[in-house]
Amino acid sequence: MTGSFPQHIIARKRDGHVLTRGEIASFVRGATDGSWADYQLSAMLMAIFLRGMTAEETAAYTEAMMRSGFVADLSNVAQPRADKHSTGGVGDKVSLHLAPMIAACGVAVPMISGRGLGHTGGTLDKLESIPGFNVNLSFGQYRAQVQQLGLCLIGQTAELAPADKKLYALRDVTGTVESIPLICASILSKKLAEGTQVLVGDVKFGRGAFMKDKARARELAEALVRVSNAMGTPMRAVMTSMDQPLGRAIGHSLEVIESIDCLRGCGPRDTMEVTFVLGEQMLLLAQKATTPRDARVKLEASIASGAALEKFRAMIAAQGGDAAVVDDPARLPQAKFKISVPAPITGLVHDVDPMTTALAVLRLGGGRANADARIDHAVGIDRLLKIGEPVEAGAPLGVIHANDEASGAEARAMVAKAIVVGREPRMEPELIGEVIG
């Protein structure tokens with residue numbers, strides 16, 4: 001039948017028609033087995049980018065992407081299973097400590113995470129700053145660890161949603177990344193294949209977010225929730241601000257230290273607020289709490305009792321890492337130089353530009369300009385001040401961790417430019433927005 005040829009399916013989407021499930025399946029299969037040429041896949045991506053997809057098309061596309069590879073069977077796990085996904089930001093280390101908190105509350109967390117690219121950090125890179133930590137487990141090991149420990153954090157394998165790996169690479173070079181149907185399918189095909197039963201999204205908006213415009217971020221949040229629910233996985237999305245870095249640390253080992261502080265009950269206020277709000281929704285969806293207050297009490301108890309910290313320690317040991325870093329963070333990679341960024345005047349912090357601080361960490365070697373680049377786990381910035389906080393002239397606005405003096409000096413100048421100090425009071429920006437779904 002002529003309509004099944006790639007060029008005819010491309011032309012139908014180009015002309016604004018709604019594709020059938022069979023046509024969508026043909027496209028995804030073509031990305032998986034090579035039966036569609038790269039130029040045909042690219043043309044189809046552009047047609048979708050320009051014409052969009054209906055809710056039904058997006059759900060069919062997401063399901064086809066998910067089923068292009070292995071779908072984990074975690075029926076051996078007795079507890080309810082929940083996961084969260086963040087659209088990424090500067091200093092966002094929430095997964096590291098939220099996952100063990102949720103596991104300590106009796107909900108299993110099967111989490112497949114990603115690496116950092118561009119200005120955002122990746123959960124896998126942060127975990128790999130822990131000496132020996134293995135994010136490349138087989139699905140058999142992953143399944144067994146979720147059953148035994150209720151917690152496992154690994155990276156995407158070649159068997160998981162292989163169509164997404166192919167199509168994302170093409171989106172990256174064809175200017176089709178910022179398409180909500182394509183973003184939905186990319187996120188959900190991997191998350192729903194990992195074996196979770198419920199899902200919570202952290203959809204960020206603001207200067208340091210992927211979706212800077214709040215209305216556009218809300219559109220993405222609504223689409224994610226709609227498609228996930230349509231596929232039988234209940235989901236809610238929390239809108240959170242990325243108009244300044246989250247927490248006081250940016251950089252892999254420094255963010256691990258901050259997450260350990262969070263598990264000890266002494267993490268930064270904004271990091272903990274985002275953590276609790278996301279955790280509340282996870283426990284509510286998993287039916288381990290009846291109200292947000294009930295959920296927060298359970299999450300706070302997981303910290304106060306030490307149970308969440310012990311889950312984190314056990315996960316590190318189970319995945320081959322040096323669990324002694326929990327008690328001795330000096331065992332994590334350490335930078336050679338620590339360079340203070342002094343405040344120019346006495347006053348109040350008016351602004352902390354997240355993009356400039358993230359680019360400073362990139363300059364230090366703590367991020368990737370491309371997917372194959374090596375990163376330095378030791379470098380970054382910590383002790384960052386927050387908007388609205390007072391500071392004395394000459395006191396640190398933040399501390400640069402560098403492994404060479406040249407990049408350290410450049411990063412110091414960038415951070416000094418990123419943090420604005422003024423005389424007048426300044427209110428903190430909104431942190432938590434609405435809950436979608």
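Just so you know, all these numbers are worked out from the coordinates, no wet-lab data involved. Note that the coordinates shown come from a computational prediction; the quantities given were computed from them, not determined experimentally. Every residue, glycine as well, gets a Cβ built from its backbone with ideal geometry; the counts of neighbours run over all protein chains shown.
How far is helix 405-418 tilted, in degrees, relative to the longest principal axis of the Cα atoms in the chain, given as a value from 0 to 90 rounded to the nearest 10?
Orientation of helix 405-418: about 80 degrees from the principal axis.
Going highest first, how would you order 201-209, 271-279 by mean Cβ packing within 10 Å? Intermediate values should be presented prior to the final figure.
Details: 201-209: 25.2, 271-279: 23.2.
Sorting 201-209, 271-279 by mean packing, highest first, produces 201-209, 271-279.
Could you check which residue among Val90, Val399, Val200 shows the biggest mean-square fluctuation in a GNM of the chain with a 10 Å Cα cutoff?
Val399
How many percent of DSSP beta bridges within segment 82-326 run antiparallel, rounded to 5? It would help to have the intermediate numbers written out before the result.
Details: 1 of 19 bridges.
For segment 82-326, the DSSP antiparallel bridge percentage is about 5.
Using 7 Å Cα-to-Cβ label points, what is the Lys212/Arg269 separation (nm, one decimal)?
Placing both labels 7 Å along Cα→Cβ, they lie 2.9 nm apart.
Hey, which of these cross-link pairs are over 28 Å Cα-Cα: Lys214/Lys338; Lys84/Lys214; Lys191/Lys417; Lys338/Lys417; Lys311/Lys417; Lys165/Lys386?
Check vs 28 Å cut-off fails for Lys214/Lys338; Lys191/Lys417; Lys311/Lys417; Lys165/Lys386.
Given a 10 angstrom Cα cut-off, can you work out which residue in Gly195, Gly132, Gly155 is the most mobile in a GNM of the chain?
Gly132
Select from Leu124, Leu170, Leu160 the residue whose mean-square fluctuation is largest in a Gaussian network model of the chain (Cα-Cα springs shorter than 10 Å).
So, out of Leu124, Leu170, Leu160, the one fluctuating most is Leu170.
Of all DSSP beta bridges located in the chain, what percent are antiparallel, nearest 5?
Details: 20 of 39 bridges.
Percentage antiparallel, nearest 5: 50.
With r defined as the distance between the Cβ atoms of Gln334 and Asp33 and R0 fixed at 35 Å, what FRET efficiency is calculated, to the nearest 0.05? Display every interim value, and only then the final one.
Values: r = 47 Å, r/R0 = 1.34.
Computed FRET efficiency for Gln334 and Asp33 comes out at 0.15.
Quick one: the Cα spread of segment 1-108 along its three principal axes, in angstroms, biggest first?
55, 36, 25
Ranked from highest to lowest mean number of other Cβ atoms within 10 Å per residue, what is the order of the peptides 307-313, 329-335, 62-68?
Highest mean packing first, the order is 62-68, 307-313, 329-335.
Can you tell me the 0 to 90 degree angle between the C-alpha axis of helix 38-51 and the longest principal axis of the chain, rounded to 10?
The helix 38-51 is inclined about 80 degrees to the chain.
Per DSSP H run of at least 4 residues, take -39500 (n - 2.57); add these up for the chain, divide by its residues and hand me the 222 nm value, nearest 500 deg cm²/dmol.
-14000 deg cm²/dmol
When only Cα pairs under 8 Å and 6 or more residues apart are kept, what is the percent relative contact order across the chain?
Values: 941 pairs, mean separation 82.8, N = 437.
Taking the mean separation of contacting Cα pairs over the length of the chain, I get 19 percent.
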